Amino acid sequence: MPCKPGWGMAAHEFITSQRYRHDLAATRSRMIERLREQGIRDEVVLAAMNSVPRHMFVEEAISHLAYDDKSLPIGYAQTISQPYIVARMIEVLRDGKQLNRVLEIGTGCGYQAAVLAQVAREVYSVERICRYMSVPCLPSRNCMCIT
């Protein structure tokens, strides 16, 4: 994770520290356990959810809430769906099978597209709010903004 302008060296050292990475991994692990408790059984989906850093898809000021089971604002009166909804939609879509090609309408911040990219061979995502296309974590090669 790159250091944001104005954070200074101390913040950069913390962000790149082993402790910070361990804390994020532990937080993601708790999210995965909560998803299991809520009934998500597809291990492929759970592994995909665990591999995508959800905090990178929300504003820095609310990144500490990224792994809570709630939707969060992403601007333009839109939200990033709560982790359970993302996991359940993908679990139902997969139905235990390999996904080949997936079309997502409404990329938003790109979180679900990033999770889908872990479980499908190809993901195409369309978004009408072009601001979202500049999200650095979004695999934009298969995303398109329609104005």
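Note on surface exposure: Met49, Met89 rank Met89, Met49 by accessible area, highest first, 1.4 Å probe. Annotation for Asp68 and Val126: the two label points, set 7 Å from Cα along the Cα-Cβ direction, are 3.4 nm apart. Name the chymotrypsin sites (Phe, Trp or Tyr not before Pro) in the stretch 29-138 that are in a loop by DSSP and that have at most 14 other C-beta atoms within 10 Å, would you? When the chymotrypsin sites (Phe, Trp or Tyr not before Pro) of the stretch 29-138 are filtered for loop state and at most 14 Cβ neighbours within 10 Å, Tyr76 remain.
Accessible area per residue (1.4 Å probe, heavy atoms of protein chains only) ranks Arg94, Arg28, Arg88 as Arg88, Arg28, Arg94, with the largest value leading. Largest to smallest in accessible area, the residues Val92, Val86 fall in the order Val92, Val86 (1.4 Å probe, all protein chains included). Can you compute the modelled spin-label distance between Leu99 and Glu59, with each label point 7 Å from Cα toward Cβ, in nm? Inter-label distance under the simple model: 2.8 nm.
When the Cα positions of Ala77, His64, Ala26 are compared along the charge dipole of the stretch 19-86, Ala26 comes out farthest toward the positive end, with charges on each C-beta of Lys, Arg, Asp and Glu.
The values are calculated or read from the model by the stated rules, or taken from the named source; none is laboratory data. This one's a predicted model, so the numbers in the text were calculated from it and none came from an experiment. For neighbour counting, all protein chains shown are included, and Cβ atoms are generated from backbone atoms with ideal geometry for every residue, glycine included. Heads up: the accessible areas ignore ligands, DNA and RNA and are worked out on the full protein's heavy atoms, side chains in. Shrake-Rupley method; radii C 1.70, N 1.55, O 1.52, S 1.80 Å.
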